[in-house]
Amino acid sequence: MKEMTYKEAINLAMSEEMRKDKNVIFIGEDIGLYGGAFGVSVGMLDEFGEERVRDTPISEAVITGAAAGAAATGLRPIAEMMFSDFITIAMDNLVNQAAKMRYMFGGKAKVPMTLRLPTGSGTGAAAQHTQSLEAWLCHVPGLKVVSASSPAEAKGLLKAAIRDDNPVCFFEHKILYKMKGEVPVDDEYILPLGQSYVRKEGTDLTIVTYGTILYRVMEAVEAVEKDGISVEVIDPRTLYPMDTETIVESVKKTGRAMVVHEAAKTGGLGGEIAAMISESEAFDFLDAPVVRVAGLDTPIPYNRNLEEAVVPSVEMIKDAIYKIMNRK
């Protein structure tokens, strides 16, 4: 184990896989000489050279299309969007090409590409650079969608994504880049995709959450425990295909469920998870309706105070817990 930041863990995961497999390449805007917009790829150009660490034109459509083509012809590309918001420019190549290729060729084609997507608010970067768009991509059959909430997860899940033979959209919350934590240095440390993680066990309420909001949830949970409320916290880690069994079994135990995410409430993953719980055998165990705590349905403001006001706060999460527990 070694203490490192979230972004150092991502760098380590990519570097280990590139050392292990010469077919792994890395492409994106300013990832080479500049080391990436958030400094994630510093030093990689020096080690792997321009053939395998390639700065691209400012064209997200080109980046995603090149990654899909490279993956279909035998390489294993990692592609970086400078901001996850810019995936909007690349949706045709991602949704209509990369996601569909394996199906269109009867399972004979492989598309082992990983698309790294810095996401979320908290940096004062305004409405076009701070969105949480993971639910869009969860709606596309053929894509896998991952969210890593800690440095160790960033390494283990990213290595699994790179080795996967399907296109994987890997969301990295920008606020987490500076987070430090213990990370296994074993180059075979991998966290399988499609497995939820129970971050905390509890008996009264199940909360499903991911990304940086997870830590606000944990702070709120610690506060309400002083009032005798025991909360189980589940991080899906793979948002699609999601490990629903772990969530269902937890809700059957606790009898109450809440979903908390930073993304806007309407059309967000909270609605999908709530529907899944209601349609499952957990429904008969519910003592209250499933509650969603999410971002407001508004663009993220540039002003820092307003930016903070549109995403779930610790107080908002605490209030929702007290309400579902009939304590307020």
Residues within region 13-22 that are surrounded by 15 or more Cβ atoms within 10 Å (Cβ to Cβ) and either touching a residue at least 60 places away in the same chain (Cβ under 8 Å) or farther than 26 Å from I175 by Cβ (or both), tallied: 5
Selection count where residues are within 24 Å of F285 (Cα to Cα) and touching a residue at least 60 places away in the same chain (Cβ under 8 Å), scope region 221-238: 7
Wholly within region 214-325, which helices (runs of 4 or more DSSP H) include no fewer than the required count, namely at least 1 residues that are closer than 28 Å to P192 by Cα and hydrophobic (A, V, I, L, M, F, W, C)? 244-254, 269-279
In region 113-129, which residue that is surrounded by 24 or more Cβ atoms within 10 Å (Cβ to Cβ) and in a loop (DSSP other than H, G, I, E, B) is nearest to the chain's Cα centre (by Cα)? G120
Which residues, taken from region 84-112, are surrounded by fewer than 21 Cβ atoms within 10 Å (Cβ to Cβ), in a loop (DSSP other than H, G, I, E, B) and at negative phi? F105, K108, A109, K110
If you go through region 263-302, how many residues are touching a residue at least 40 places away in the same chain (Cβ under 8 Å) and more than 21 Å from the chain's Cα centre (by Cα)? 2
Restricting to region 36-51, count the residues that are in a loop (DSSP other than H, G, I, E, B) and either surrounded by fewer than 17 Cβ atoms within 10 Å (Cβ to Cβ) or in contact with a helix residue (DSSP H, G or I) (Cβ under 8 Å, 6 or more places away or on another chain) (or both). 9
Qualifying positions in region 300-316 - open to solvent by less than 90 Å² (accessible area, probe 1.4 Å) and of a type in the set (S, T, N, Q): N303, S313
Between D319, D243, D284, D297, which is surrounded by fewer than 20 Cβ atoms within 10 Å (Cβ to Cβ) and farther than 29 Å from G122 by Cβ? D284
From the list K155, K178, which one is over 18 Å from G295 (Cβ atoms), under 17 Å from the mean Cα position of the chain (by Cα) and open to solvent by 50 Å² or more (accessible area, probe 1.4 Å)? K178
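The values are calculated or read from the model by the stated rules, or taken from the named source; none is laboratory data. Only a predicted model underlies this, so the values are computations on that prediction, with no experimental measurement involved. Note that each Cβ is placed from the backbone with ideal geometry, even for glycine, and that neighbours are counted across all protein chains shown. What goes into the accessible areas is simple: the full protein's heavy atoms, side chains included, and nothing from ligands, DNA or RNA. Shrake-Rupley method; radii C 1.70, N 1.55, O 1.52, S 1.80 Å.
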